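Below is one structure, written out as structure tokens, with a few remarks after it.
The values are calculated or read from the model by the stated rules, or taken from the named source; none is laboratory data. Predicted, not measured: the structure shown is a model, and the values here were computed from it. Every residue, glycine as well, gets a Cβ built from its backbone with ideal geometry; the counts of neighbours run over all protein chains shown. All accessible areas refer to the heavy atoms of the entire protein, side chains included, with ligands and DNA or RNA removed. Shrake-Rupley method; radii C 1.70, N 1.55, O 1.52, S 1.80 Å.
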Amino acid sequence: TRLVRGGGWPRGRGSVAVHGGIDWWALPAFAPGNFVVRAASGGAARLRLCRDGEQVGALTVGDGAQFGDIALRVDASTYAVGVDGEAGAEYEIALDPDDPSALREFEPNGVLMQATPLPLDTVVAGSAWDAADRDVYRIDTPTSGTLVAALSRPDATATTTVRVLGSSGAELSASTLAALDGATETQARVGPGSAYVSVETDGDDLTEYE
């Protein structure tokens with residue numbers, strides 16, 4: 001099913017027919033940029049956001065939280081949203097524009113070759129959507145020095161780990177935030193070239209971070 005434009009931006013409503021079944025919604029093509037997939041449900045429903053068939057985001061609504069958002073940066077690829085959950089759960093999904101000036105991660109970015117470029121002294125927004133999601137960022141360093149990676153994620157309930165990785169992907173340092181902890185940092189000596197920072201979580205709840 002394709003999301004239809006309502007009030008200028010695509011909207012869609014549905015209900016989960018049977019437990020274990022999935023409703024698929026095709027997102028229309030847009031110019032590359034930042035968008036938000038918004039969801040609401042009266043029963044427990046799980047959204048899966050896919051890019052060219054590969055999952056790049058997820059969100060659970062209606063199970064303790066009736067509303068939720070998935071923020072993402074899109075390109076010219078094909079995007080779709082799958083919805084499953086409790087049989088009979090009614091839901092609504094919408095696609096809205098987000099702040100075009102905000103620097104966001106680009107999914108998929110789980111391995112070094114797909115790492116999101118991140119300039120030095122820059123803040124980037126990202127989201128870890130379950131324990132299988134690993135976000136990797138590439139930082140190009142012109143000289144040797146100490147690379148400091150700071151992580152903040154207000155109100156998160158999952159355990160989140162930030163790591164500094166060398167050019168080969170080997171871990172140089174790491175720091176972990178337990179549930180309800182707000183911020184941490186880790187640092188390591190790096191040489192000229194490319195270093196990496198990774199962010200991982202151990203839970204299935206969507207964790208927004210900077």
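When residues of the stretch 115-143 are filtered for being in contact (Cβ under 8 Å) with a residue 40 or more places away in the chain, part of a loop (DSSP other than H, G, I, E, B) and open to solvent by less than 70 Å² (accessible area, probe 1.4 Å), how many remain? Quick ask: steps written out before the conclusion?
Pass one, the stretch 115-143, residues in contact (Cβ under 8 Å) with a residue 40 or more places away in the chain: 115, 118, 123-131, 133-143.
Then drop every residue that is not part of a loop (DSSP other than H, G, I, E, B), which leaves 115, 118, 123-124, 129-131, 133, 142-143.
Retained after the next criterion (residues that are open to solvent by less than 70 Å² (accessible area, probe 1.4 Å)): 115, 118, 124, 129-131, 133.
So the count comes out to 7.
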Name the single residue, out of those in the stretch 36-60 being charged (D, E, K, R) and touching a residue at least 40 places away in the same chain (Cβ under 8 Å), that is least open to solvent (accessible area, probe 1.4 Å).
Arg51
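Condition check: open to solvent by 60 Å² or more (accessible area, probe 1.4 Å) and out of contact with any Lys or Arg (no Cβ under 7 Å at 6 or more places or on another chain). Does Leu112 satisfy that? Full working, then the answer.
Values: open to solvent by 60 Å² or more (accessible area, probe 1.4 Å): no; out of contact with any Lys or Arg (no Cβ under 7 Å at 6 or more places or on another chain): yes.
No, not satisfied.
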For Ser77, only one of the following conditions fails: (1) assigned to a strand (DSSP E or B); (2) modelled with pLDDT of 90 or more; (3) open to solvent by less than 50 Å² (accessible area, probe 1.4 Å). What is its number?
(1)
Among the residues that make up the stretch 104-121, is at least one of them in contact with a Pro (Cβ under 8 Å, 6 or more places away or on another chain) and closer than 24 Å to Leu177 by Cα?
no
